[in-house]
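Asker: One structure follows; several queries about it will come next.
The values are calculated or read from the model by the stated rules, or taken from the named source; none is laboratory data. Bear in mind the structure is a predicted one, so any value in this text is a computation, not a measurement. Don't worry about glycine lacking a Cβ; one is built from the backbone with ideal geometry, like all the others, and counts go over all protein chains shown. The area values use the complete protein model at the heavy-atom level, side chains included, leaving out ligands, DNA and RNA. Shrake-Rupley method; radii C 1.70, N 1.55, O 1.52, S 1.80 Å.
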Amino acid sequence: MADLFAADPASTPADAPSANAPLADRLRPQQLADVVGQDHLTGPEGAIGRMVAAGKLASIILWGPPGTGKTTIARLLADAVGLRFVAISAVFSGVADLKKVFAEAREYGRLGRRTLLFVDEIHRFNRSQQDGFLPFVEDGTVTLIGATTENPSFELNAALLSRAQVLILRRLDHQALGLLLDRAEALLERPLPLTPEARDALIASADGDGRFLLNQAETLFSVSFPEPLDPAALGAFLQRRVAVYDKDREGHYNLISALHKSMRGSDPQASLYYLARMLTAGEEPLYVLRRITRFASEDIGLADPQALVQCLAAKDAYEFLGTPEGELAIVQACLYCATAPKSNAAYKAAGAAWRVAKETGSLSPPQNILNAPTKLMKEIGYGKGYAYDHDTAEGFSGSNYWPEEMSPQTFYTPSDRGHEKRIQERLAWWDEVRRGKD
């Protein structure tokens, strides 16, 4: 995987890539300060910046979208703290490869040189393979830097996560992507053959992926055009639909924000207008539908559970019909969401629950609701006293399901709109039954 996110082209190290190397490789940074878009991590106050300043590096899981600099940061970290750098990919490596890496790292350790092991796509290793890292991380044989595009909470072992700090890389914004193009133009000493509007469209089409952007730029640099391309010509040349910006230069993110807020404000007419603006401009239909689907959970939730169903049905219909017929299904999802009762109760509940979970993540559930598949677990009290709700008169036992060290919390408070009004009544009845049992 090529390193990217350009260093200043004026500074060219002795081991710089050849002139024939890919553009992303020629623009790879030479120091952490040159990495774009991740200042919250690499800056002086960021977690990585502080580690480098202290000269001591902990094991890290870098979590972020493709093309945001995970490989680059790992390599530069090794240079910054003087560690030997070894990279493997979980896609192509197995147990034998890991054993070889650990054996070599141990030998280098005896010679006083520690190893930084970078594992790309670390979530591709299965649970037992992930467990294999633990002893070598614990005894300092390697400092592990894992990279993943998937949520580590779901894809990585708890034991491995407890020994590494999870750092989140941000999708590169318009400014960061624009800086990459500036550096590419400076290196090649000529501008991209694009109008300002087409340059904005190219940046928007990258969707935060710096590697993709530089690959597209390299394609443009390789061809001679009689005049700069406008957005329509750019889309035709790259065979990729890119957002076309109107004469007022209202951007991709302004329009998606306008669509979201129009749906939130229950204005189906304005919602349909902004949807049409984006689709007729050449925006990728599934990108718009992904945002509408997010809206269905964030701004409607259980006030109308069918909103999410409508959005997923629209996805299936669009993939089945294609453009332009399938776009009508996206219109239907948009109008359904705009006219549905609104509630952000689920969205707020998720935020509150996540915050408390981070603070109390080591607490065990009460023993009465723990599973007891073995005799020993039964003997030490697992599952003892569990009340099976279906056996009660109300179908509701009112048991306590919270860790003993915690008092019950309230994260989800349904609104009095739509289906949530019925949920609100049901929760109130359960609370009344629970108080009666207490």
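Asker: How big is the equivalent ellipsoid of the chain along its three axes, where each semi-axis is √(5λ) from the Cα gyration tensor, reported in whole Å from largest to smallest?
Answerer: Each semi-axis is the square root of five times an eigenvalue, giving 43, 37, 17 Å.
Asker: Cα centroids of segment 96-112 and segment 303-332: how far apart, whole angstrom?
Answerer: 52 Å
Asker: To the nearest 0.05, how large is the calculated FRET efficiency for T323 and A270 if R₀ is 22 Å and r is the Cβ-Cβ distance?
Answerer: 0.40
Asker: Taking amide H atoms as placed 1.01 Å from N in the peptide plane, list the residues 5 or more away in sequence, or in a different chain, whose amide H sits under 5 Å from that of L169.
Answerer: Answer set, sorted by chain and number: W63, G64.
Asker: Let me ask another. Can you work out ³J(HN,Hα) from phi for every residue in segment 271-285, in order, using Karplus 6.51 cos²θ - 1.76 cosθ + 1.60 and θ = phi - 60°, giving whole Hz and x for Gly and Pro?
Answerer: Listing the rounded values in order: 4, 5, 4, 5, 4, 5, 4, 6, 5, 5, 7, x, 5, 5, x Hz.
Asker: Tabulate in residue order the Karplus-calculated ³J(HN,Hα) for segment 147-162, using 6.51 cos²θ - 1.76 cosθ + 1.60 with θ = phi - 60°, rounded to whole Hz; enter x for Gly and Pro.
Answerer: 10, 8, 9, 9, 4, x, 4, 9, 9, 10, 4, 4, 5, 5, 5, 5
Asker: Quick check: from the Cα gyration tensor, does segment 360-411 come out rounded (a/c under 1.5), prolate or oblate?
Answerer: It comes out oblate by the Cα gyration axes.
Asker: Using the Kirkwood formula on the Cα atoms of segment 144-183, what hydrodynamic radius do you get, in angstrom to one decimal?
Answerer: Roughly 12.4 Å, rounded to one decimal.
Asker: Also, I was wondering about something else. Please compute the Kirkwood hydrodynamic radius of segment 376-438 from all pairs of different C-alpha atoms, in Å with one decimal.
Answerer: 14.1 Å
Asker: Another question, then. Where only protein heavy atoms count, and the probe is 1.4 Å, what is the accessible area per residue for the chain in Å²?
Answerer: Heavy-atom SASA per residue in the chain reads 53 Å².
Asker: Here is a further query. From zero up to wherever the largest Cα-Cα distance of segment 56-150 sits, split into 10 Å bins and tell me the percent of pairs in each.
Answerer: 17, 53, 28, 2
Asker: Okay, moving on. Pop the C-beta distance of D316 and N20 into the FRET formula with R0 = 45 Å and round what comes out to the nearest 0.05.
Answerer: 0.50
Asker: Go through segment 96-177 and name the trypsin sites (Lys or Arg not before Pro) that are in a DSSP coil and have 13 or fewer other Cβ atoms within 10 Å of their Cβ.
Answerer: R113
Asker: Next question. Just order 274-287, 79-92 by mean Cβ neighbour count inside 10 Å, highest at the front, would you?
Answerer: 274-287, 79-92
Asker: Using +1 on the beta carbon of Lys and Arg, -1 on that of Asp and Glu, and nothing else charged, what's the dipole of the chain about the Cα centre, debye to 20?
Answerer: 1000 debye
Asker: Where in segment 110-208 are there GluC sites (Glu not before Pro) that are in a DSSP coil and have at most 12 other Cβ atoms within 10 angstrom of their Cβ?
Answerer: E189
Asker: Further, regarding this structure: Of all the Cα-Cα pairs you can form in segment 85-234, what percent are over 26 Å apart?
Answerer: Roughly 47 percent, rounded to a whole number.
Asker: Something else: Magnitude of the Cβ-charge dipole of segment 308-419, K/R +1 and D/E -1, about the Cα centre, nearest 20 debye?
Answerer: Result for segment 308-419 is approximately 300 debye, rounded to the nearest 20.
Asker: What are the residues whose amide H is under 5 Å from the amide H of L229, where those residues sit 5 or more places off or on another chain and H is modelled from the backbone?
Answerer: Under 5 Å from the amide H of L229: L194, T195.
Asker: Considering all alpha-carbon pairs of segment 326-438, what whole percent are spaced by more than 24 angstrom?
Answerer: 50 percent
Asker: Follow-up question, since we're still on this one. Counting only protein heavy atoms and a 1.4 Å probe, tell me what percentage of segment 294-335's accessible area is made up of carbon and sulfur.
Answerer: For segment 294-335, the apolar C and S fraction of the accessible surface comes to 64 percent.
Asker: What are the ³J(HN,Hα) couplings of segment 59-66, residue after residue, when phi is run through the Karplus curve with 6.51, -1.76, 1.60 and θ = phi - 60°? Round to Hz, x for glycine and proline.
Answerer: Result, rounded to whole Hz: 5, 9, 10, 8, 10, x, x, x.
Asker: Projecting each Cα onto the charge dipole of the chain (Lys/Arg +1, Asp/Glu -1 at the beta carbon, about the Cα centre), which of F225, L214, F320 comes out farthest on the positive side?
Answerer: L214
Asker: Name the GluC sites (Glu not before Pro) in segment 398-438 that are in a loop by DSSP and that have at most 14 other C-beta atoms within 10 Å, would you?
Answerer: Taking segment 398-438 and a limit of 14 other Cβ atoms within 10 Å, the loop GluC sites (Glu not before Pro) found are E404, E405.
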